[in-house]
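**Student:** One structure, pasted below without further comment.
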């Protein structure tokens, strides 16, 4: 027992003798009184209500201490990361169908990564930031901040959004902007010509759509193939895919064109196809004809050679007799 305890002990005894409680607004029920305790009786028992109230006071005191363990700067960093997570989650869910998360949520994702970098101390390598990283990222087994950051990063990587954005996620790339403009133009063409063909919709006759929107659809398809080829040349095989926004937009357009509208190849494309097919079919005729002529000529040469040999032998016989 130290000197502070010895000095406080008389005051505590005086308070108990005077009937004052150590815990304010709490009352003790004494079964045998202080007289019984002084005479060797049992210690005074506390009621159940008093014990529960005391436990509540201790729990609130503990939570207050735990809150004070986190510094104000760290609480501010945690609140910023929480707000960025909420905004990014809301944007991802709202952009799930049709898939437009890369073009709509790149600002929220960039803000989240910056918040997480501030926590880890990547931006400012100071003692305060290191303390916050220790408290928010590695102080417990669950590590909820790390789990959330890894989830958003994995989602962004699987969507290949970096292939549709400029460096440092400052905005959409030029090719992506052109592609999305052609995509919106194709959908507008489909919708405009469908309204003009309302009477023929029951018979599933979409010839007007196929005819009027052929040029727009062909340009969109060429643009998509160009972007896909460029991505395969610049990136590795694992990162050669286009971002999910472009892939989903092209899948929607092709599904409408081939399945819904049942549009076939245009006439300008069928002419080369027919010409190539005819040439391939005519190749066997050319082959057999050339083979026949070659064999006939070889046979003629062989017959002439035999005749020449027979004539020369006849001349030799005549010379011998003479």
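**Student:** For region 203-253, which positions are within 22 Å of residue 96 (Cα to Cα), part of a helix (DSSP H, G or I) and at pLDDT below 95?
**Tutor:** 239
**Student:** Right, another one. Please enumerate the residues belonging to region 86-124 that are closer than 29 Å to residue 253 by Cβ and part of a loop (DSSP other than H, G, I, E, B).
**Tutor:** Those that are closer than 29 Å to residue 253 by Cβ and part of a loop (DSSP other than H, G, I, E, B): 95, 96, 97, 98, 99, 100.
**Student:** With the condition kept exactly as written, say whether any residue in region 93-111 is surrounded by 12 or more Cβ atoms within 10 Å (Cβ to Cβ), within 25 Å of residue 71 (Cβ to Cβ) and at pLDDT 95 or above.
**Tutor:** Yes: region 93-111 contains one or more residues that are surrounded by 12 or more Cβ atoms within 10 Å (Cβ to Cβ), within 25 Å of residue 71 (Cβ to Cβ) and at pLDDT 95 or above.
**Student:** Something else now. Within region 148-164, can one find any residue that is surrounded by 13 or more Cβ atoms within 10 Å (Cβ to Cβ), in contact with a helix residue (DSSP H, G or I) (Cβ under 8 Å, 6 or more places away or on another chain), closer than 16 Å to residue 78 by Cα and modelled with pLDDT of 95 or more?
**Tutor:** So far as region 148-164 goes, yes, one or more of its residues are surrounded by 13 or more Cβ atoms within 10 Å (Cβ to Cβ), in contact with a helix residue (DSSP H, G or I) (Cβ under 8 Å, 6 or more places away or on another chain), closer than 16 Å to residue 78 by Cα and modelled with pLDDT of 95 or more.
**Student:** Of the conditions (1) outside any loop (DSSP other than H, G, I, E, B); (2) at pLDDT below 95, residue 140 clears all except one; give me its number.
**Tutor:** All conditions pass for residue 140, except number (1).
**Student:** Among the residues that make up region 260-270, is at least one of them within 28 Å of residue 104 (Cβ to Cβ), exposed (fewer than 13 other Cβ atoms within 10 Å of the Cβ) and modelled with pLDDT under 90?
**Tutor:** The answer is no, given that none of the residues of region 260-270 is within 28 Å of residue 104 (Cβ to Cβ), exposed (fewer than 13 other Cβ atoms within 10 Å of the Cβ) and modelled with pLDDT under 90.
The values are calculated or read from the model by the stated rules, or taken from the named source; none is laboratory data. Remember, predicted model here, so these are calculated numbers, not experimental data. All Cβ positions, even for glycine, are placed from backbone atoms using ideal geometry, and neighbour counts span all protein chains on display.
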